[in-house]
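To start, the structure itself, in structure tokens.
The values are calculated or read from the model by the stated rules, or taken from the named source; none is laboratory data. Predicted model, so just to flag it, every value in this text is computed and none were measured. Virtual Cβ from ideal backbone geometry, glycine too; neighbours counted across all protein chains shown.
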There are 2 protein chains.
Amino acid sequence: MSDELLKLRNEIDRLDEEILARLSERARCAQRVGEVKKGNAPFYRPEREAQVLRRLAELNPGPLPADAVKSVFREIMSVCLGLEHPQRVAYLGPAGTFSESASRKQFGSAPSFMPMATIEDVFRAVEAGNTDYGVVPVENSTEGAVSITLDLLLASPVKVCGEVNLRIHQQLMSRADGIGAAKRIYSHAQSLAQCHEWLNRNLPHLPRIPVASNAEAARLAGEDPESCAIAGEAAAQLYGLNILAPNIEDDPNNTTRFLVIADHDAGPSGKDRTSLVFSAPNRPGAIHTLLEPLAQHGVDMTKLQSRPAQSGLWEYVFYADIQGHQCDPAVAAALKALGERAAFLKVLGSYPVAAI
Amino acid sequence: MSDELLKLRNEIDRLDEEILARLSERARCAQRVGEVKKGNAPFYRPEREAQVLRRLAELNPGPLPADAVKSVFREIMSVCLGLEHPQRVAYLGPAGTFSESASRKQFGSAPSFMPMATIEDVFRAVEAGNTDYGVVPVENSTEGAVSITLDLLLASPVKVCGEVNLRIHQQLMSRADGIGAAKRIYSHAQSLAQCHEWLNRNLPHLPRIPVASNAEAARLAGEDPESCAIAGEAAAQLYGLNILAPNIEDDPNNTTRFLVIADHDAGPSGKDRTSLVFSAPNRPGAIHTLLEPLAQHGVDMTKLQSRPAQSGLWEYVFYADIQGHQCDPAVAAALKALGERAAFLKVLGSYPVAAI
């Protein structure tokens with residue numbers, strides 16, 4: 001090894017020791033936080049973690065990119081929190097799904113992760129206190145809203161205390177080894193739209209046939225080597241298809257959104273979101289009237305999603321995400337006014353905008 | 001918030017700033033290492049990473065457990081290496097499999113991970129230089145050796161430069177909601193053996209029926225609500241079964257072993273393993289004679305696995321793992337003697353014993 005390399009390695013060893021000393025001191029502080037809090041407050045504070053990550057990303061002098069700094073401190077907070085109070089996190093199993101990836105992205109590697117068979121089971125585990133946190137998918141850029149999660153959020157006493165965004169990728173797959181003999185491409189309409197430009201550039205001549213789901217597209221491609229499908233990798237594995245072109249989505253930010261649920265929501269972090277659900281009568285202009293208070297108080301709405309009401313009490317329920325925390329005066333005033341107009345309003349929780 | 005909590009948080013913020021400063025300085029050192037090495041040596045040195053992790057685990061003053069310290073420094077090394085030279089890691093897809101978990105356990109979050117459709121594709125990607133590293137399963141405590149990996153190791157010019165052990169869990173599953181009506185339990189014989197004590201304690205009255213694979217057991221359970229299966233969670237998801245009891249394996253250290261392959265193996269780290277494959281004639285005592293040099297030179301063998309030879313040139317090939325690095329004088333002498341006795345000997349690579 002060259003002298004210079006040896007010197008650099010010794011320098012790295014010295015820095016590692018200094019980091020270890022401070023990491024251990026940080027862990028001792030976390031232990032004391034646990035002792036002070038004992039029985040008084042939740043150990044995991046999503047708003048505090050979001051603030052720490054944002055602050056360090058701002059202080060970051062480089063050369064590491066901000067995401068790399070966040071990724072290291074996510075793990076540091078994860079192991080310190082694990083020492084303070086071992087966390088249990090339930091997610092939609094099996095192990096190795098995107099829900100597990102989302103859980104690890106939010107909680108690092110330290111918690112005890114509990115795979116559940118269904119989304120209902122994740123909610124039940126949180127309600128019964130068998131887990132500290134649950135992670136459930138709520139919106140899939142490909143398949144749209146996850147209805148069962150929306151319905152459970154309406155009915156369950158759990159609170160939303162965090163959000164996680166996970167990138168997802170689209171794969172071109174077929175039973176054939178190459179694209180040469182392909183005659184058609186099956187996929188969900190939204191997936192075809194997501195790969196529109198790639199398809200125009202690479203396979204402009206092939207007809208695109210929208211089907212009910214990406215899994216159905218993969219199943220059809222599995223029956224006929226002249227057909228391709230666009231779907232996620234799990235579908236390729238399930239139906240024994242070859243991936244002919246990976247990651248063909250036009251938008252590299254194609255994501256699935258997950259919510260973190262618990263028996264409490266989060267305090268204000270300075271950059272928050274609030275999720276709510278409210279009822280609206282099926283009357284022209286009803287939803288416009290209901291949303292007026294948000295506009296009046298200058299509260300931005302980042303999502304609005306309607307669902308037919310299941311209870312029969314109302315005709316529609318609307319799921320909305322708004323910017324800000326329910327403790328913010330403007331948000332509080334807007335929610336108060338909305339609550340007076342809507343037959344039903346439930347605030348699902350305020351939580352920090354995804355920090356990592 | 002109490003004064004004490006506030007003081008602790010300020011202390012944590014100060015420590016985080018100090019860690020960030022040293023992390024950034026470490027990253028600058030890593031960049032300089034990259035400049036010094038440019039074109040001369042592989043950027044990723046598994047032996048160096050193993051040494052760093054072992055050293056820090058030894059220096060660790062607590063209160064964090066050694067595994068937590070390793071987990072933080074794994075991520076620190078991952079993001080620093082990503083800056084030095086962005087790594088590409090191919091693994092047996094789809095995303096979200098145990099192979100992906102193993103890849104992240106070895107390489108942290110920074111590399112660009114490339115899911116491949118088959119184990120052959122992982123080998124081909126490494127051989128063609130389309131990836132820097134490949135991660136392939138080699139031994140599954142449930143299903144035994146992964147034959148295709150063994151066959152490819154024999155034929156391919158790639159080297160083994162690392163190993164990863166991943167825990168796996170066994171689940172009791174059924175179409176029914178409870179165990180009450182169950183009449184039998186299907187599983188692979190090895191899985192039944194792995195859950196022997198749990199079954200004796202909890203379900204001593206149910207007959208255990210060994211079948212070809214855990215997936216086959218889950219398929220059978222999916223056809224009959226009076227049957228249970230023991231299998232991994234992915235099988236429960238695939239066949240729509242409920243998990244009646246999670247993680248029922250008797251040995252909590254039940255693991256699957258993965259190998260990291262590349263165009264180079266690893267230098268000595270002080271605690272290494274060497275994988276080799278050699279041919280043996282089908283003659284009484286032949287294998288005993290072949291292995292004599294290992295015993296003579298005091299080299300421990302940690303694994304021996306026979307495979308019928310496919311080429312017709314030899315009758316059997318043996319895959320062995322021995323302790324130590326091929327640069328260690330005793331190992332080198334033993335390998336030299338073994339090579340003189342065997343018709344064929346190939347050293348697949350020396351690499352650090354899994355450090356995390």
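Residue-by-condition table, conditions (1) facing another protein chain (nearest Cβ under 9 Å); (2) at pLDDT 85 or above:
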| site | (1), (2) |
| --- | --- |
| A:Glu223 | no, yes |
| A:Glu226 | no, yes |
| A:Ala234 | yes, no |
| A:Tyr239 | no, no |
| A:Asn242 | yes, yes |
| A:Ile248 | no, yes |
| A:Pro252 | no, no |
| A:Val260 | no, yes |
| A:His264 | no, yes |
Checklist outcome for this item: For the stretch B:133-166 the number of residues that are of a type in the set (D, E, K, R) and part of a loop (DSSP other than H, G, I, E, B) is 1
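Residues are listed down the side, and each one gets a yes or a no for (1) part of a loop (DSSP other than H, G, I, E, B); (2) facing chain B (nearest Cβ under 9 Å); (3) over 24 Å from the mean Cα position of the chain (by Cα):
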position: A:Glu35; (1), (2), (3): no, no, yes
position: A:Tyr44; (1), (2), (3): yes, no, no
position: A:Glu47; (1), (2), (3): no, no, no
position: A:Arg55; (1), (2), (3): no, yes, no
position: A:Glu58; (1), (2), (3): no, no, no
position: A:Asp67; (1), (2), (3): no, yes, no
position: A:Arg74; (1), (2), (3): no, yes, no
position: A:Leu81; (1), (2), (3): no, no, no
Item to check | Scope the stretch B:89-138; condition modelled with pLDDT under 85 and more than 13 Å from chain A (Cβ to nearest Cβ); matching residues | outcome: none
Checklist entry - Residue check: is A:Gly298 crowded, with 16+ Cβ neighbours inside 10 Å, touching a helix residue (DSSP H, G or I) at 6+ places or on another chain (Cβ under 7 Å), modelled with pLDDT of 80 or more and not hydroxyl-bearing (Ser, Thr, Tyr)? => result no
Next on the checklist: I'm trying to understand the selection: among the residues of the stretch B:212-221, which are buried (at least 21 other Cβ atoms within 10 Å of the Cβ) and at pLDDT 80 or above?
Outcome noted: B:Ala217, B:Ala218, B:Ala221
Next on the checklist: Among the residues that make up the stretch A:113-132, is at least one of them outside any loop (DSSP other than H, G, I, E, B), hydroxyl-bearing (Ser, Thr, Tyr) and out of contact with any Asp or Glu (no Cβ under 8 Å at 6 or more places or on another chain)?
Outcome noted: no
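Does A:Leu5 qualify as being within 9 Å of chain B (Cβ to nearest Cβ), within 26 Å of B:Val36 (Cα to Cα) and not charged (D, E, K, R)?
So A:Leu5 fits the description; yes.
Okay, residues lined up against (1) among the hydrophobic types (A, V, I, L, M, F, W, C); (2) farther than 18 Å from B:Asp13 by Cα; (3) free of Cβ contacts under 8 Å to residues at least 12 places away in the same chain:
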| position | (1), (2), (3) |
| --- | --- |
| A:Arg48 | no, no, no |
| A:Gln51 | no, no, no |
| A:Arg55 | no, no, yes |
| A:Leu59 | yes, no, yes |
| A:Val69 | yes, no, no |
| A:Arg74 | no, no, no |
| A:Ser78 | no, no, no |
| A:Arg88 | no, yes, no |
Checklist entry - Within the stretch B:1-11, can one find any residue that is of a type in the set (Ser, Thr, Tyr), without any contact (Cβ under 8 Å) to a residue 60 or more places away in the chain and within 30 Å of B:Asp263 (Cβ to Cβ)? => result no
